[in-house]
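The values are calculated or read from the model by the stated rules, or taken from the named source; none is laboratory data. Remember, it's a predicted structure, so these values are computed and weren't measured experimentally. Cβ atoms come from the backbone with ideal geometry, glycine included; neighbour counts cover every protein chain shown. Note: accessible area is taken over every heavy atom of the protein model, side chains too, but ligands, DNA and RNA are not part of it. Shrake-Rupley method; radii C 1.70, N 1.55, O 1.52, S 1.80 Å.
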Amino acid sequence: MKKRSEFVYDLRSMGLLGRPGEWERVNATLPAPADLKIEVIGVAEGSPLTLELMFESVSEGIYVSGSVSTVARGEDVRTLDEIELPIDVDINEMYVYEQADGDEESYVIDRDQLDLEPAIRDAVVMALPFSPVADDSEEFSFTLGEDLEVEAGESESPFAALKDLLDEKKES
């Protein structure tokens, strides 16, 4: 028998099923599911996910709003050093009792239960940076080879040589 996920909430026991206008707050810290990651950064399985959500019963289903916070770990793409980035994403999802024809994006309430895991997965993975860097405020600079120094007499204009030719032509 499959163990019930900690992200599944029973709407009947919460008193929200088919009762528009009712609401309930959900504040919980749950272990992160597997695969909350992209290639260079992600949330490790079992890491704490802090949920601060509001379940609101409406005529079409349950509207879930609030935030999910966690910490993602990975590599800085510039230096390959280990980094930790706080992730705080907003959740605003409608869970419907019955999915409309052609609607493949809505989350569906299944047997009076609402599974938050797909919505949390979508929000957290979409919030992960594709090119994580340790600190965006730092300027990344590097030097290759030797610095070129301009002599005091040289002009920095690319047209200086042309000006010299023009001056020579006027003198002759």
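Prolate is the label for region 48-110, because the ratio a/c of its alpha-carbon gyration tensor axes (a ≥ b ≥ c) is 1.5 or higher and a/b is greater than b/c. A 1.4 Å probe run over the protein chains yields, for region 8-127, 57 Å² of accessible area per residue, whole-number rounding.
Here region 1-91 is assigned +1 on the Cβ of each Lys and Arg and -1 on the Cβ of each Asp and Glu. Its dipole about the Cα centre then comes out at about 520 debye. For region 8-127, the fraction of 1.4 Å probe accessible surface lying on carbon and sulfur atoms is 44 percent. When the alpha carbon gyration tensor of region 8-127 is reduced to an equivalent ellipsoid, the three semi-axes, largest first, read 31, 15, 11 Å.
Quick one: of the DSSP bridges fully inside region 8-127, what percent are antiparallel, nearest 5? Can you show the working numbers first?
On the way: 41 of 43 bridges.
So the antiparallel bridges in region 8-127 amount to around 95 percent.
Rounded to 0.05, the FRET efficiency of the SER69 and ILE38 pair, given R0 = 25 Å and the Cβ-Cβ distance, is 0.85.
Gain on full extension, evaluated as 0.36 nm per residue between SER5 and ALA100 minus their Cα-Cα distance, stands at 31.6 nm.
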